[in-house]
Amino acid sequence: MKDDDTVLVRVEGVSKKFCRDLKKSLWYGLCDVAKELLPIENSKINNFNTETTLRSGEFWAIKDITFELRRGECLGLVGHNGAGKTTILKMLNGLVKPDAGRIEMRGRVGALIALGAGFNPILTGRENIYVNGSILGLTKAEINERIDDIIEFSEIGDFIDSPVQSYSSGMAVRLGFAVATAMNPDVLILDEVLAVGDGNFRSKCIRRIGNILADCAVIFVSHEPYQIRRICDRILWLDHGQMQFIGDTSTGMDLYSKDFMKASQDVKSLVNAIESISGLKFDAKFNSHSDQTGTEIGSIAIDLQFESDKVFELGMRIGNINIGGDTPVAQFVFDAGMPAIIAGTNIFKFVIPEIQLSKGTYTLGLIVYDQTNKRLLLNLKNIYEFEFNENRRYGTHYALTAVACE
């Protein structure tokens, strides 16, 4: 790779393996330390190439990963649990040593990899701010300039002078994010930090990332596809430690979502109903247009038909729009206008207007309960797939404004 002053993160052929067996892991660790400290020629230890070969019980958590990240870029890491995302972040932050390859980091690194990571639980929040700032190389005067902004952003009020061990998980992540982003890092590493806070705080964090992105490089891990699409310029998709895709966010997330859906069951097995209901048929049509600002607005018209041998008075009717097959981004309730299920042929027509979503591929589902709201009559998952072309970054994530049905 060529030298480039704008490149803040350079990862070249990085691999990391772990051992499932604790005793073997301890022995392997001892052997690896001995290999580095005791360069004895022709020994069994030094003749074994740990960079390319797995020993009994070992597995590759990360295998041959290469990428670069420049100032002003945000790279999203996506993949299933255990794909290797957190392992990469720990290596980038210097917490774990790679078994092969090379990592180069330039500038000040701010990281929030685990809730409360880097905080001394006995110290107060205020004291931890000074400790973390000092570790990052800031003087007391520089920390004093930032501390009011940190406390205000964290919204933890009088608890700033309470021991961190008394904080809830939400309070810990608020303070951690405020500290990590207020210290003017060159590289910011965030691992699922927006999964804990409430909706308002998540929106606030996304805006903060957008504001500082011009001056730093961000590596962002999330299981929420709409967050990845809104924040990230590129994504790195991992599967069992292997790099499946690196490149444009929209293209990568579409591939990732389609792969996720392929791993799910087919549509027929995702249509569930009680024995009294049979012969399910559905059809849907997605229409879109642009408003005066050029923003894409969509609507979905759905025709649902089925047979029933009993009459059912309906209770709660829930629709949902998902991304990635099962991750909901919008949910709505049909609160009026839907008639009861009759004995015989039932035909329902649904219209879902005024949809505004981030760019991507989405699926539609429907859940219907009886009047007691305890008996599930219909559970239709991924019955319709549609795409949005509008790409919103850092703005409000819109869902549905109205629902009608007949």
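Here the simple spin-label model places points 7 Å from the Cα toward Cβ, and for E152 and I318 these points are separated by 4.0 nm. The residues M91, M316, M105, when put in order of fewest to most other Cβ atoms within 10 Å, stand as M316, M105, M91. Put simply, when 375-384, 184-193 are sorted by average Cβ atoms within 10 angstrom per residue, most first, you get 184-193, 375-384. The value of relative contact order for region 7-262, using C-alpha pairs under 8 Å at least six residues apart, is 27 percent. Classify region 100-173 as rounded, prolate or oblate, taking a ≥ b ≥ c as the square roots of the eigenvalues of its Cα gyration tensor: rounded when a/c is under 1.5, otherwise prolate if a/b is larger than b/c and oblate if not. It comes out oblate by the Cα gyration axes. Over the C-alpha atoms of region 7-262, the Rg to Rh ratio, Rh being the Kirkwood estimate, stands at 1.01.
Too long at a 22 Å Cα-Cα cut-off: which of K285/K374; K63/K97; K310/K349; K85/K359?
K285/K374; K85/K359
Each residue in H289, H223 was given a count of other beta-carbon atoms within 10 angstrom of its own, and listing them fewest first yields H289, H223.
Since every read-out is calculated from the coordinates, none of them should be taken as a lab result. Computed from a predicted model, the values in this text were never measured in an experiment. Please note: Cβ atoms are built from the backbone with ideal geometry, for glycine as well, and neighbour counts cover all protein chains shown.
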